[in-house]
Amino acid sequence: MQPEQIFVPFAGMLLLTLVVWLWMFYLRIGHINRTGAQPKTRADMDAFPPRAVAASNNFQNLFELPVLFYACILALYLLRAADHVHVICAWGFLVFRVVHSLIHCTYNHIMQRFVVYLIASIFLWVMVVRLALHIFAIQGVA
């Protein structure tokens, strides 16, 4: 396995963030053009249509757990610790985050979104725990 393979899902997460950002602006600008709304405060933005608010919330969510994903990928690469399990987990995280964003930005069924979020999180936490164990092992802690 080439260690660089771990960067394909990394790039996928970056692209997902871009797509959600574009979708959020498309919905916001469309609403402003249709209604002439002139939002001045955060509360004004929350009064936008539900899909625009959901896209904004999803964009913010892409700066929560995914930040750990990015840090984990970089640490794995720098430590030369990325293996097949990490690559599979990285792909799993990406795929389920894409599905999470699709649900969140379209019909927004909360329980379906939660289950997908949970599965993505499990992939990430496996990566994090395996990385931590690797670091402890090379430091002689574990």
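The convex hull drawn around the Cα atoms of segment 54-142, when projected onto a plane and averaged over every direction, covers 5.8 nm².
Put PHE63, PHE96, PHE10, PHE136 in order of accessible area, highest first, and with a 1.4 Å probe you get PHE63, PHE136, PHE96, PHE10. Each of ILE88, LEU16, LEU65 was scored by the projection of its Cα onto the charge dipole of the chain, and the greatest displacement toward the positive side belongs to LEU16; charges sit on the C-beta of Lys, Arg, Asp and Glu.
Taking the longest Cα principal axis of the chain as reference, the axis of helix 84-105 is set at about 10 degrees.
Helix 110-138 and the longest principal axis of the C-alpha atoms of the chain enclose an angle of approximately 30°. Against the chain, whose longest principal axis is taken from its Cα atoms, helix 50-61 shows a tilt of about 30°. Under a model in which nothing but the beta-carbon of Lys, Arg (+1) and Asp, Glu (-1) is charged, the chain shows a dipole of about 320 debye around its Cα centre.
The values are calculated or read from the model by the stated rules, or taken from the named source; none is laboratory data. Every value quoted in this text rests on a predicted model; they were computed, and no experiment measured them. Methodologically, a virtual Cβ is constructed for each residue, glycine included, from the backbone with ideal geometry; neighbour enumeration extends over all protein chains shown. Heavy atoms of the whole protein, side chains included, go into the accessibility calculation; ligands, DNA and RNA do not. Shrake-Rupley method; radii C 1.70, N 1.55, O 1.52, S 1.80 Å.
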